Structure formats: C-alpha cells, structure tokens
Amino acid sequence: MTKKITAISGFLIFSLFASLIYFAPNSLNLFDTKITNIIYNSAPSITPIIKFITTIGNTLSITIITTIVVLALFFNKKFAPALFIAINVSAIATINHLIKQFIQRPRPSVLHLVDAGGYSFPSGHSASSMALFLGLIFVITMISKKKFTWLKIILFIMPLLIGFSRIYLGVHYFSDVLAGLSYSLTITIIIASLFTKRRPS
C-alpha cells in the first residue's frame, strides 16, 4: 500500500508541474526563479564538488554504472534483477527524452556553470539517477535477505543530491528536478513490482 501511495503521489507531482507549464507558466517561472535565486551558485567554494556530483548523473556515468551492475548481476545468475535494472534505466531515459520534446521548456536564463543542451523539463539527470539508484535499492531487496539500511539510504540520497546540483549549477529549475525525480520514482516502483511479484532467483 505504501509503494502504491508513493507511486501515485509521484505521478500527481509530475502532472501538477507539467500542467502548470501549460496553464500557468508565468506563475511557475516566478516560483522557480525564487528558488533558483536562493540555491544558484550559493557557495562558490563547493562548486567543484557540486560539479562532480552532477557528473554522476550524466548519460555516460549512468550508462557505465548500469552496464557494470547488469553484467555483475548477469554473471552471478541474477537474471531478473539484471533485466529489471536494464529495462528501468532505459525506459526512463527514453520517456524523459519524449517528454522534453513534447513540452519544450527552455532552460533557466542564468549563466550555466556546466554545459547543458536541449530542453529543461523534466531533469534527465534527476530522472535517470532516480531510476538507477532507486532501482539498486530494489535489487538489493530482491537478491539479499540482509537489509543494508545505510547503503539504501545513501543510494536514495544520491538522486536528491544530483537533482540539487542541477539547480545549483543553473541548468534546471526546481520544478524540472522535482518532476524528474517524481515520475521516475513512480515508474521505478511500477516496473519493480512486476519483478518482485515473481521473487526472481
């Protein structure tokens, strides 16, 4: 029940921001700009660290980590978890691209502290990192009887930090990040449920 409520909540949050882009763009931009003004380059001394964090969520990093995880699971004969991670990350990356092309929201007008191309909504870094790291939490649950609580906490914090980095570096609005995290959370829960019902070996 908790997972179902969480999945529905994620979908509703994404839908809210997507709707506001169309029906109340000025109000949403005002809201986002206020948050950007607070977070954007707010602590220059840690900007190099923030830039490093954001690279963890880029396409190359996510692809490399996903490939390593999938191969490791495959060679350990954990075929269902391997398939889950591969499908989840790939599906969310594809969906994110399609949403961006459909909504076509411009990126923030502030100076970008890292290179960023394409449209702004939703944040691909946020969505992909949630797909991978939350997916890993589900994989741990699938293949291990141990809880690994601290590891799961770290994995869940990672996409939040990556999302924050995108606002800090001026390449995404707050709503882009929250929408990306939210819909990715929803899809990951849905796809994971299809695999966990089978209790894969």
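Here is a yes/no grid of residues against (1) exposed (fewer than 11 other Cβ atoms within 10 Å of the Cβ); (2) of a type in the set (Val, Ile, Thr):
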| residue | (1), (2) |
| --- | --- |
| THR2 | yes, yes |
| ILE21 | no, yes |
| ASN26 | yes, no |
| LEU30 | yes, no |
| ASN37 | yes, no |
| GLY57 | no, no |
| SER61 | no, no |
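Note on region 81-100: residues that are more than 20 Å from ARG166 (Cα to Cα), buried (at least 19 other Cβ atoms within 10 Å of the Cβ) and aliphatic (A, V, I, L, M) total 2.
Hey, LEU194 hits all of (1) modelled with pLDDT of 95 or more; (2) loosely packed, with under 15 Cβ neighbours inside 10 Å but one; which does it fall short on? Exception for LEU194: condition (1).
Restricting attention to region 101-110, does a residue exist that is closer than 25 Å to MET142 by Cα, exposed (fewer than 14 other Cβ atoms within 10 Å of the Cβ) and of a type in the set (Phe, Trp, Tyr)? Scanning region 101-110 turns up no residue that is closer than 25 Å to MET142 by Cα, exposed (fewer than 14 other Cβ atoms within 10 Å of the Cβ) and of a type in the set (Phe, Trp, Tyr). Considering only residues in region 77-129 that are of a type in the set (Phe, Trp, Tyr) and within 16 Å of PHE174 (Cα to Cα), the one that is nearest to the chain's Cα centre (by Cα) turns out to be PHE121. Here SER128 meets the list (1) surrounded by fewer than 18 Cβ atoms within 10 Å (Cβ to Cβ); (2) of a type in the set (Gly, Ala, Ser); (3) touching a residue at least 60 places away in the same chain (Cβ under 8 Å) almost entirely, failing just condition (1).
Suppose we filter region 138-160 for residues that are surrounded by fewer than 18 Cβ atoms within 10 Å (Cβ to Cβ) and assigned to a helix (DSSP H, G or I); how many remain? Number satisfying all stated conditions: 12.
The values are calculated or read from the model by the stated rules, or taken from the named source; none is laboratory data. Everything numeric here is computed off the predicted structure, so don't read it as measured data. With ideal geometry, Cβ positions are generated from the backbone for all residues, glycine too; neighbour counts draw on all protein chains shown.
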